[in-house]
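Just below is one structure, and these are the notes that go with it.
Only the coordinates and a few stated rules stand behind these numbers; no lab work does. It should be emphasised that the depicted structure is a prediction, and the values quoted were computed from it without experimental measurement. Neighbour counts run over all protein chains shown; Cβ positions are idealised from the backbone, glycine included.
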Amino acid sequence: MKKTALITGATSGIGEATAYEFAKQGINLVLCGRRLAKLKTIKEDLEQLTHVHLLNFDVSNKNAVFKAIDSLPNAFKHIDILINNAGNAHGLDPINEGSVEDWDAMMDINVKGLLYVSKAIIPQMTERKSGHIINIGSSAGKEVYPKGNVYCASKHAVLAITEGMRVDLNPYNIKVSAVSPGLVETNFSKVRFKGGKEADNVYNGFQALQAKDIAEIIYFVVSRPNHVNIADLLVFPTAQANSVTVKKEF
Ligand code: 8X3
């Protein structure tokens, strides 16, 4: 039987690329995001390949999360794979200058949003004693870099939650994995710098990872045999050695 995956943050970047990769592999899709017009465009594109259902909500809105997932029609209710991808960086400031609004946004979306969506999906997985949750972490979840403070904290939290899920869901035969990318060229930096010109420099002078590179890795993680669980996968572009060491050529 075809599997169904629910992907949060499916309107751009890694989430969107994963939707395309999964559709190519014949996985049914529940695509979640805040921008309905973008979701509809993706649905139109992918419907020749697989079945697609859209859920238009903000992961940081607790009530909206539960209402949306509760509204799933029967054909899409059975979620085999949950991709907790929605997340963003807001600002890159020293801790003494950071904005409370930016901190709220990162903790609300990256951490609490992931928890709300997981809370809404996990009961059906524990009941069936099967399922796979993949949390999109970051190299920022492994090391803290200058001015990364709260973003790095939110991604450290994602990796801690991943480990906690794996332990607590172990009796239920549920796989829990983290995929932790370094520099991926998406609109991530545009969002971080709020459209500012600093975003243009982030991926200049070297070949950054592309969203598709990560989507292919996510498909690899979900397509392993039943007895294989990739617990945590850290991936950098070749030019990047860690959060602060990137070989650039101009
Ligand atoms: C994205 C990677 O290095 O910009 O999570 O924090 S980084």
Met1 and Glu97 label points (each 7 Å along its Cα→Cβ direction) are spaced in nm at 5.5 nm
Once amide hydrogens are built 1.01 Å from N within the peptide plane, the residues lying 5 or more places from His53 or on another chain with amide H under 5 Å from its amide H are Leu29, Val30, Leu31
Distance in Å, no decimals, from the C-alpha centre of region 74-88 to the one of region 187-212 is 27 Å
Percent antiparallel among DSSP beta bridges confined to the chain, nearest 5, equals 5 percent
Among Val144, Val100, Val191, the residue with the largest mean-square fluctuation in a Gaussian network model of the chain built from Cα contacts under 10 Å is Val100
Simple spin-label estimate for Lys197/His78, 7 Å along Cα→Cβ, in nm, reads 5.6 nm
In whole Hz, the Karplus estimates of ³J(HN,Hα) for region 199-209 (6.51, -1.76, 1.60; θ = phi - 60°; x where Gly or Pro) are 4, 5, 7, 4, 10, 7, x, 7, 8, 6, 4
Per its Cα gyration tensor (rounded if a/c is under 1.5, else prolate when a/b beats b/c, else oblate), region 1-80 is best filed as oblate
Under 5 Å from the placed amide H of Glu185, counting only residues 5+ away or on other chains, we find Leu209, Gln210, Ala211
From fewest to most C-beta neighbours within 10 Å, the residues Ile230, Ile27 line up as Ile230, Ile27
Fewest-first ordering of His90, His78 by Cβ atoms within 10 Å yields His78, His90
Highest GNM mean-square fluctuation among Ala153, Ala75, Ala105, for the chain with Cα springs under 10 Å, belongs to Ala75
Residue span Glu143 to Lys190: 0.36 nm per residue of separation minus Cα-Cα distance leaves a gain in nm of 14.7 nm
If His227, His156 are placed from fewest to most neighbouring beta carbons inside 10 Å, the sequence is His227, His156
For the chain, the Debye formula with one identical point scatterer on each Cα and no solvent gives log10 I(q)/I(0) at q = 0.10, 0.13, 0.15, 0.17 Å⁻¹ as -0.45, -0.78, -1.06, -1.36
So Lys38 and Lys248, fully extended at 0.36 nm per residue minus their Cα-Cα distance, gain in nm 72.3 nm
Summing -39500 (n - 2.57) over every DSSP H run of at least 4 residues in the chain and dividing by its residue count gives a helix-only mean residue ellipticity at 222 nm, to the nearest 500 deg cm²/dmol, of -11500 deg cm²/dmol
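Where Lys and Arg each count +1 and Asp and Glu each count -1, what net charge lies around Val52 among other residues with Cβ under 12 Å from its Cβ?
Neighbourhood net charge equals -1.
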As straight-line cross-link partners of Lys147, the qualifying lysines (C-alpha separation under 28 Å, not fewer than 8 residues apart within one chain) are Lys112, Lys155, Lys190, Lys194, Lys197, Lys212, Lys247, Lys248
